[in-house]
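Taking it in order: structure first as structure tokens, then the write-up.
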2 protein chains.
Amino acid sequence: MTMAARSQLTSALRRLRLARISANPSRQVALELEQSLPRSSVIRCFGTSRPRSFRTTPTVSATGKFTSESYPDIKRDSRFAQLTEEHVDYFRSLLSSESAVIDGVTNEGAADDIEPFNSDWMRKYRGHCKLVLKPGSTEEVSQILRYCNDKMLAVVPQGGNTGLVGGSVPVFDEIVINMSRMNQIIEFDEVSGTLVADAGCILEVVDQFLATKGYIFPLDLGAKGSCHIGGNVSTNAGGLRLLRYGSLHGTVLGIEAVLADGTVVDDLCKLRKNNTGYDLKQLFIGAEGTIGIITKVSIHCPQRSPAQNVAFFGLESFDKVQRAFREAKGQLSEILSAFELMDEGSQALVRQVTKNESPLEGQHPFYCLIETSGSNADHDSEKLQAFLEDVLEKGVVADGTLAQDETQIKTLWAWREGITEALSHLGGTYKYDVSIPLKELYQLVEDTRARVDAAGLLGDTDEYPVRAVVGYGHMGDANLHLNISTRRFDERVEKVLEPFVYEWIAARQGSISAEHGLGVMKKKFIGYSRNPTMVGLMKNIKNTFDPNGILNPYKYL
Amino acid sequence: MTMAARSQLTSALRRLRLARISANPSRQVALELEQSLPRSSVIRCFGTSRPRSFRTTPTVSATGKFTSESYPDIKRDSRFAQLTEEHVDYFRSLLSSESAVIDGVTNEGAADDIEPFNSDWMRKYRGHCKLVLKPGSTEEVSQILRYCNDKMLAVVPQGGNTGLVGGSVPVFDEIVINMSRMNQIIEFDEVSGTLVADAGCILEVVDQFLATKGYIFPLDLGAKGSCHIGGNVSTNAGGLRLLRYGSLHGTVLGIEAVLADGTVVDDLCKLRKNNTGYDLKQLFIGAEGTIGIITKVSIHCPQRSPAQNVAFFGLESFDKVQRAFREAKGQLSEILSAFELMDEGSQALVRQVTKNESPLEGQHPFYCLIETSGSNADHDSEKLQAFLEDVLEKGVVADGTLAQDETQIKTLWAWREGITEALSHLGGTYKYDVSIPLKELYQLVEDTRARVDAAGLLGDTDEYPVRAVVGYGHMGDANLHLNISTRRFDERVEKVLEPFVYEWIAARQGSISAEHGLGVMKKKFIGYSRNPTMVGLMKNIKNTFDPNGILNPYKYL
């Protein structure tokens, strides 16, 4: 965006805000936020950020609870073999690199090395894995799986291990197949925008590569510094740009995957159109590694927009949030690239952790972050200016601020993306990632808060187990993140929340997992979003692709 | 687009063209094209056209060749029962409407009524069907299929019957299940843009409904006046706007379908995000009715762009076409909604049939049609003007014209969409719908032409069986339509073409069916685009969903 365009926008905004509000809050406030967030905080970037390191959060100590303890109903499948020295010897001889095998079977001293692969970053799920394999090629993945299938050894495919539902860590002694060594960008066609890359490529690394070519990965999410594109595809990640670029079911052109029996499925199509038979790759998108391990991905990347703008608003009601969304869709149309929602509760938690002031003066029940991306800075500025004037004049939004440069863009985004991190600093969180028809989206937060409050569990002082019930998410995709922040574990909380939340969603034909997937966490709740016919068909698919059930057991279905 | 913006653009174009070309060709020329095209011609419309009536082309006479004669290798599957009076009685008692059963089993006089359901619009495929059923509800579809599955009666699901590969007409005596009575729009959410409608809705009717709401169906194609949205989804239709709105795999949110045994699969999700298990609906998208009959569709519709522009260019080489495409992607970016390619040969055939002059003076080896759609007419005009000036000045395009109003927009589109119709007036056509990496896209036409010529089959006079080898298609999607226009049937032509064309495509990892599907025509050629592992997995899927194989037999796999 040109400087002239920016200052034009700012003055329009200031003029309007001055008419109703006392003064323009200092832009500096927002800048401080980023600086004061912990090093491992979620900072969204446009090609320049350091990778987010989930591993800098403390790993699970010996006192961390095992998933098998948290979920006592899940029993180890006795059909699976126990790992022996003979198995380890086979894998050692198979894998080309010495560092490709972390062996806790014959070497008890390796337990610490294995721990990061056994646990998720939230310290919520923890397995009993004793063997980690890091294949370096599709052929190695194939040979590992063929052997495991023959020997009835269960496995867990693992990408960046940034998931939220326990899908990428073992429950019992499953072998972890970690994809981090398969991390090459294979080819990129600068005319069509088609990228082919290994599954173990880190999303941000790929996006930075694409930036040098004038393209963008059609997916963006907070964990971009750690997550793998193979994991993104396996979990059908949604994230921040689905509103603009659509789902991975539309953008992924092809995959290469290895089935449970070692068969390599080469469907690495690089074409946008290919109507030759069932589109089998679609089954792997969102299958969470239960029918095969994705080894390569071919994806259609859009051109990177040279002009980017971010605005941040305060609004007085959810009704006004909906009006703002309709206006943004109508007026910003083809340049709208994100419309994110945060409630005051979620922002208060960010303020509490970061000790920073909001980018806006005063508090509002709701906040929205709007991003535009376009090819012409002046045109975008003009559209955004007209939109700002319109929504301020109509009283749809109460206050707003506009990022003046890339640093401020990141800073405003941190108020949205920093919520997850802030919550994790405050204790345990019950996280629900749901999709609900837009009209009732926020009602779930209000109903849940009222229910927790009525049960006497919610309060500002230490005697109450629940600190806050907050909501935020991807408004543009009708995707709400309902988070219940707790001070300590109290079994009454979960009883108040479940199955209430799931029943509430099912009654509105919503989804109990909009983008996080099923994993361990939601395996038993799939019936709230899928009928028995669908679940039965899914089990047929699972049995067709993985008859021995060795791929990511105890999860998903 | 405002008048001021239009005239600004026109004068920019005229100024540039005058500098290199003698005069500005009359816009009237283009207008005449539409008027002189036959009534059944393909006219693209923006909500006002008459539906295209494929049925006004003569139906097949008694002398039309049966598919079973053209494909003598296909034998009737003896596991299927022969239709009896008892079967007909059952269907009569089942279906609520008298007109829902066209019975040629007990009434030989019904043969003429059945003929349109037995034959495709190109008169290339013709079956021996004696019973047409038109269910009025999902429950009726379910009961029909349950009965057929029990009695081993084969069926063919049929939408608007506008396909090009023989997928929607019977080969032998399969029962036609025609979906035209299930044609209701069920609901539309004006905030999210989610539409739910019966499978038998005609695409153009749905699009006209959406126009009144300020939305657009995310798919457009020449047959919109006849084709059904259920058929579009079943064949994963691509069409003219895939470049902008992506494939149906991304835009379809849910389906309702009936399996071979009558089970109703209710996956009519209305949410953009739903990660609860395998995305089974994806298998039905492009399955051509072989694993179930789609009865309802839920789809995400984008907002309709108020500003629309169409430009038509002449270019001197395919290299320049590629450069123009890159420039258009870069400069028109988020407003580019179509980039279509036509070679001079294809345009010559349109001129020959319509007796009209080209919208451009003189001839060029290649023509491109560029469409933009955006929310701000002045901004779009400015972007398009800059693009026009740039590509004319750089000599990327040799000449161009710009539509001045909606009538001219339709007229320019007719030069692209009229090709299929023009070809059908000139005799038989060998049609190949292929996807090839962009760089080599047109090479297939040149290589094919050279090969036909070398065989002594191509010429301007009647002694040669081949009139022309032409290419056109959706450049933006790397989707070429290679058409060989013939004067008469000559078995040497097919021998020269096949398997040459398929081998040529396979060598470049292209697709032998970009958007038309497999049907009868390409069933035996799937191996050129899919490896044996993939085909084997597909057959597993088919057997899982339709173990008796009653759904659309003799096709697809």
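The values are calculated or read from the model by the stated rules, or taken from the named source; none is laboratory data. Computed from a predicted structure; not experimentally measured. Reconstructed Cβ throughout: ideal geometry from the backbone, glycine too, with neighbour counts over all protein chains shown. For the accessible areas, the whole protein counts, side chains as well, though only heavy atoms, and no ligand, DNA or RNA atoms are used. Shrake-Rupley method; radii C 1.70, N 1.55, O 1.52, S 1.80 Å.
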Report summary line: Looking across the stretch A:289-306 at residues that are facing chain B (nearest Cβ under 9 Å) and open to solvent by less than 10 Å² (accessible area, probe 1.4 Å), the single one that is nearest to the chain's Cα centre (by Cα) is A:T290
Report summary line: Exception for B:G277 within (1) among the small types (G, A, S); (2) touching a residue at least 24 places away in the same chain (Cβ under 8 Å); (3) open to solvent by less than 30 Å² (accessible area, probe 1.4 Å) falls at (2)
Query raised in the report: Just checking, how many residues over the stretch A:249-283 are charged (D, E, K, R), within 25 Å of A:I177 (Cα to Cα) and in contact with a strand residue (DSSP E or B) (Cβ under 7 Å, 6 or more places away or on another chain)?
Result: 4
**Report entry** Number of the condition not met by B:N356 [criteria: (1) surrounded by fewer than 23 Cβ atoms within 10 Å (Cβ to Cβ); (2) more than 30 Å from A:K539 (Cβ to Cβ); (3) modelled with pLDDT of 95 or more; (4) not β-branched (V, I, T)]
**Finding:** (3)
**Report entry** Out of B:L243, B:L248, B:L210, sole residue that is within 12 Å of chain A (Cβ to nearest Cβ) and out of contact with any Asp or Glu (no Cβ under 7 Å at 6 or more places or on another chain)
**Finding:** B:L248
**Report entry** Odd one out for B:M122 among (1) at pLDDT 95 or above; (2) more than 24 Å from B:D198 (Cβ to Cβ)
**Finding:** (1)
Report summary line: Only one of A:L444, A:L384, A:L369 is at pLDDT 95 or above and not in a strand (DSSP E or B), namely A:L444
Query raised in the report: Any idea which of (1) open to solvent by 90 Å² or more (accessible area, probe 1.4 Å); (2) not in a helix (DSSP H, G or I) is the one B:D113 doesn't satisfy?
Result: (2)
Query raised in the report: (1) within 22 Å of A:L332 (Cβ to Cβ); (2) among the hydrophobic types (A, V, I, L, M, F, W, C); (3) more than 14 Å from chain A (Cβ to nearest Cβ): which one isn't true of B:A398, the others all being true?
Result: (1)
Query raised in the report: Scanning for something within 11 Å of chain B (Cβ to nearest Cβ), of a type in the set (A, V, I, L, M, F, W, C), crowded, with 20+ Cβ neighbours inside 10 Å and farther than 30 Å from A:L332 by Cα, does the stretch A:473-480 turn up at least one residue?
Result: no
**Report entry** Conditions (1) at pLDDT 95 or above; (2) surrounded by fewer than 16 Cβ atoms within 10 Å (Cβ to Cβ); (3) part of a helix (DSSP H, G or I): number failed by B:K439
**Finding:** (1)
Requested in this report: Would you check which residues across the stretch A:484-538 are within 7 Å of chain B (Cβ to nearest Cβ), open to solvent by less than 40 Å² (accessible area, probe 1.4 Å) and among the hydroxyl-bearing types (S, T, Y) and list them?
Outcome: A:S511, A:S513, A:S529
Query - Scope the stretch B:307-322; condition open to solvent by less than 10 Å² (accessible area, probe 1.4 Å) and part of a helix (DSSP H, G or I); matching residues - result: B:V321
Report task. Please name all residue pairs, on different chains or six or more residues apart, with Cβ atoms under 6 Å, provided the first residue is in the stretch A:249-267 and is closer than 10 Å to A:R146 by Cβ and the second residue is of a type in the set (D, E, K, R). Result -> A:A260/A:D546; A:G262/A:R146
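I'm checking my understanding of the structure. Among residues of the stretch B:353-395 that are of a type in the set (D, E) and away from chain A (no Cβ under 14 Å), which one is nearest to B:F312 (Cα to Cα)?
First, pick out the residues of the stretch B:353-395 that are of a type in the set (D, E): B:357, B:361, B:371, B:378, B:380, B:382, B:389-390, B:393.
Still in the running and away from chain A (no Cβ under 14 Å): B:357, B:361, B:389, B:393.
Working: B:E357: 14, B:E361: 12, B:E389: 14, B:E393: 16 Å.
This residue is B:E361.
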Query raised in the report: Just one of B:G345, B:G330, B:G246 is open to solvent by 10 Å² or more (accessible area, probe 1.4 Å), in contact with a strand residue (DSSP E or B) (Cβ under 9 Å, 6 or more places away or on another chain) and at positive phi; which is it?
Result: B:G246
Report summary line: Given the conditions (1) over 23 Å from A:N531 (Cβ atoms); (2) more than 9 Å from chain A (Cβ to nearest Cβ); (3) not hydrophobic (A, V, I, L, M, F, W, C), every one holds for B:G286 apart from (2)
Query raised in the report: Hey, B:D150 hits all of (1) in contact with an Asp or Glu (Cβ under 7 Å, 6 or more places away or on another chain); (2) surrounded by fewer than 19 Cβ atoms within 10 Å (Cβ to Cβ) but one; which does it fall short on?
Result: (1)
Query raised in the report: Going through the stretch A:132-147 one residue at a time, which ones are of a type outside the set (D, E) and either over 25 Å from A:Q184 (Cβ atoms) or open to solvent by 30 Å² or more (accessible area, probe 1.4 Å) (or both)?
Result: A:K134, A:G136, A:S137, A:Q143, A:R146
Report task. Search the stretch B:539-555 for residues that are more than 9 Å from chain A (Cβ to nearest Cβ) and pair each with any residue that is β-branched (V, I, T) and open to solvent by 10 Å² or more (accessible area, probe 1.4 Å) when their beta-carbon atoms are under 8 Å apart and the residues are at least 6 apart or on different chains. Result -> B:Y554/B:I74
Report summary line: Being among the β-branched types (V, I, T) and at pLDDT 50 or above narrows B:T48, B:T84, B:T59, B:T63 down to just B:T84
**Report entry** Members of the stretch A:259-269 found to be charged (D, E, K, R) and either facing chain B (nearest Cβ under 7 Å) or open to solvent by less than 10 Å² (accessible area, probe 1.4 Å) (or both), listed by number
**Finding:** A:D266, A:D267
